[in-house]
Every structure is written in C-alpha cells, then in structure tokens.
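Student: So that we are looking at the same thing, I have put the structure below in structure tokens.
FYI, it's all coordinate maths here, none of it is from the lab. Note that this is a predicted model, so its numbers are computed, not measured. When we count neighbours, we look across all protein chains shown, and the Cβ atoms used for this are built from the backbone with ideal geometry, even at glycine.
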Amino acid sequence: MNKNNTVHLYMIVFPNNALVASQLDPDQFAEHYTIGSAKHHEGKVIFAEIDPQFRDPYFDIDHYVSLTVPHNDGSPKKTKYVSSYSVLEHIKLAAIKSLYLVTVNGKALELKSKPYTAQNEPGLVRLYQEITPLSNLVASTLDQRAFGKYITTGTKSKGAPKVFFTQYEFDIAAFLKTTKHGNIKLSPIPDTNLNRLLEYLTELEHQPDKKTKTINLISTLSKVSYKIIRHGFWFAGPDEFLFFPMPSIAKLEHDHYDWWRFAH
C-alpha cells in the first residue's frame, strides 16, 4: 500500500529509454520492472530517479502524474509512461537524483553522483559501452570526459545530444599480447567478433591520434556482469557531465552483499 500517494519520476536507461511516473519507491519499482510483471523486462535494468519537480516542454509530465493514482482497492499505480522516445536528450542532468543498478532478480543498488576527478593517462585505449540513446561498443583513445564531449559535440555521424555510457574493466595490453600468441580463441566480450576486436584495438594502439573505433553496434550490457564495470557510469552532454561511481568490491561485499551475490 502507498499511504502518502507520492509520485516518483523514473528514467529507465537500460534496456530501453523511457520516462515513467510511479507510486512505487525505487526498490519496489526495481522489483516490479524485472520480476513483477510479464509485460516488463527479464534481465538487468538500470534506471535513474528524477527530481519530481523537473519539467520540460517536451514532456507532458503534469498530465501523466495526475493519472498516477491508486487503484480502486487502494493499491499503488505501478507505472504510467510519460514518454518512450528521445527521453535522455530532454532531461537536465542536474535533475538526476540517483542511479539504480538492478539485478535479474530485482535487487537494486543505489549510486549517488560524485565529481570525477581522476587524472587519466592520455592516449590510453579504453573500452566504452554506450547505453542510451546509442548502444555501440566503442574503443577509444579519449578519456571519459573527452569521450563524452566528443560524442555529444565532436561528431554528428557517431554522436547524440546526450549520452549515458560506462567503461569495461579490460586489460587491453594483456589481451593483445595473449592474442598475439594464439592463446585466445573466443572474444572475452559477449556478442563481439574476436578478429574485429583485435584489429581495432591494435589500430588504436598504433594510431594514438585516432579517436574511436566502433567494435559492435549491438549492446553487450545484457550479457556482461556488473562486476566488469570500471569506475562507474557517466551521463554527458555538451556542457554537462555527471559521474556515478561504483563502490569498491570490499564495500559491495560488506554493505551490499544481497545485491553483489546476484550481480551477474
């Protein structure tokens, strides 16, 4: 039962991008969206809680919030879709309160944003998974700040007005060395061609002035584990940058064990 009739705004960013009004709190919403309804997703989900006061002319938020009322039996309205198209592009990043990573069995881990202050090695090849509105797996010599800026302002053919992405924990130097000796037969990244991965990473290693190589057009996030996320997640826009760090393994094991043990 939802006694105070609070309406939350949630932006789903994986596996789809949508803005949803709901009377469920974040933990209840996570469980409902993964295992509570046959209409919804089976698998991991990522969503953000949006400031309930956020408004943008693109969305008719007030109308859909007014429809998000309890059922006749007093049970809460679980989901009322506000928009299912071009959502992130119209969300002010400052309106994002928390990010939630949801396991396949509905356990939610809340992440809070923090300034990203890391001093990154220039020209180092990194592996980024774009999550929304793009879904490309991209190798890049750009660090996270520069990559976000490039995707949202530096390229029209490969970019978007705003982007949500993560970085995979992947020792590229070790991978290239091991593959060179023929010791790897399958790609370590699901749904990714080993030869293409090797070719593009080698190209970037030898051409540090090249910015990006798109390895895969299909998201690999549904099949990889949360455990290979490096650093955390980033939202980027032309003049906005929001970082949600992943807790350390020690903290996850100690403080969030119920989530960590299902974090596939």
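Student: Choose one answer from S98, S83, S37: the residue with the largest mean-square fluctuation in a GNM of the chain with alpha-carbon springs under 10 Å.
Tutor: Ranking S98, S83, S37 by mean-square fluctuation puts S37 first.
Student: Next up: With Cβ to Cβ distances under 11 Å as the rule, what net charge do the other residues near F54 carry (K, R +1; D, E -1)? Please list the in-between numbers first.
Tutor: Values: positive: R55, K92, K97; negative: E49, D51, D56.
Surrounding charge for F54 is 0.
Student: Below 14 angstrom from the Cβ of A173, what's the summed charge of the other residues (Lys, Arg +1; Asp, Glu -1)?
Tutor: Summing Lys and Arg as +1 and Asp and Glu as -1 gives -1.
Student: Between the alpha-carbon centers of the range 187-252 and the range 147-168, tell me the distance in whole angstrom.
Tutor: Their Cα centres are 13 Å away from one another.
Student: Taking other Cβ within 10 Å of each residue's Cβ, how do F170, F164, F243 sort, fewest first?
Tutor: Arranged by neighbour count, lowest to highest, F170, F164, F243 become F170, F243, F164.
Student: Strictly over 32 Å apart at the Cα level, which of K156/K185; K112/K177; K107/K185; K112/K185; K180/K223 would you flag in this model?
Tutor: Working: K156/K185 35 Å; K112/K177 37 Å; K107/K185 34 Å; K112/K185 39 Å; K180/K223 26 Å.
Correct reply: K156/K185; K112/K177; K107/K185; K112/K185.
Student: Something else: What does the net charge come to around K44 if you take all other residues with beta carbon closer than 11 Å to its beta carbon, with K and R at +1 and D and E at -1? Please list the in-between numbers first.
Tutor: Values: positive: K107, K223; negative: E42.
With Lys, Arg at +1 and Asp, Glu at -1, the net is +1.
Student: Just to check I understand the Karplus step: with θ = phi - 60° and J = 6.51 cos²θ - 1.76 cosθ + 1.60, what whole-Hz values come out for the range 216-221, glycine and proline as x?
Tutor: 8, 8, 9, 4, 9, 5
Student: Right, next: Could you tell me whether the range 131-264 comes out rounded, prolate or oblate from its Cα gyration tensor? Rule is a ≥ b ≥ c as square roots of the eigenvalues, rounded for a/c under 1.5, then prolate if a/b exceeds b/c, otherwise oblate. Could the numbers behind the result be given before it?
Tutor: On the way: a/c = 1.85, a/b = 1.06, b/c = 1.75.
It comes out oblate by the Cα gyration axes.
Student: Also: Springs between alpha-carbon pairs under 10 angstrom, Gaussian network model over the chain: which of F59, F233, F241 fluctuates most?
Tutor: Checking each option, the largest mean-square fluctuation is seen for F59.
Student: Cα gyration tensor of the chain, axes a ≥ b ≥ c as square roots of the eigenvalues: rounded (a/c below 1.5), prolate (a/b > b/c) or oblate?
Tutor: Working: a/c = 2.21, a/b = 1.69, b/c = 1.31.
Because a/c hits 1.5 or more and a/b exceeds b/c, the chain counts as prolate.
Student: Tell me which residues come under 5 Å, amide H to amide H, from S83 once H is placed; ignore anything under 5 positions away on its chain.
Tutor: L19
Student: What ranking do M246, M11 get, fewest neighbouring Cβ atoms within 10 angstrom at the top?
Tutor: Working: M246 19, M11 24.
Ordered from fewest to most neighbouring Cβ atoms within 10 Å, M246, M11 come out as M246, M11.
Student: To continue, here is another question. Under the classification rounded if a/c is under 1.5, otherwise prolate if a/b is larger than b/c and oblate if not, where does the range 6-100 fall, given a ≥ b ≥ c as square roots of the Cα gyration tensor eigenvalues?
Tutor: Here the range 6-100 falls in the oblate category.
Student: If you keep only loop residues by DSSP, which trypsin sites (Lys or Arg not before Pro) in the range 87-138 have at most 14 other Cβ atoms within 10 Å of their Cβ?
Tutor: Here the sparse-neighbourhood loop sites are K92, K112.
Student: Angle check, please: helix 194-206 long axis (alpha carbons) against the longest principal axis of the chain (alpha carbons), in degrees 0 to 90, nearest 10.
Tutor: 70 degrees
Student: Sticking with this one: May I ask you to order 213-222, 189-198 by the average number of other C-beta atoms within 10 Å around their residues, highest value first?
Tutor: 213-222, 189-198
Student: Okay, moving on. For Cα pairs less than 8 Å apart in space and 6+ apart in sequence, what is the mean separation divided by the residue count of the range 53-156, i.e. the relative contact order in percent?
Tutor: Working: 80 pairs, mean separation 15.3, N = 104.
Computed over the range 53-156, the figure is 15 percent.
Student: Please list 173-179, 46-52, 234-240 highest first by mean number of surrounding beta-carbon atoms within 10 Å per residue.
Tutor: 46-52, 234-240, 173-179
Student: I would also like to ask the following. With the contact rule set at Cα under 8 Å and sequence spacing of 6 or more, what percent relative contact order holds for the chain?
Tutor: Computed value for the chain: 19 percent relative contact order.
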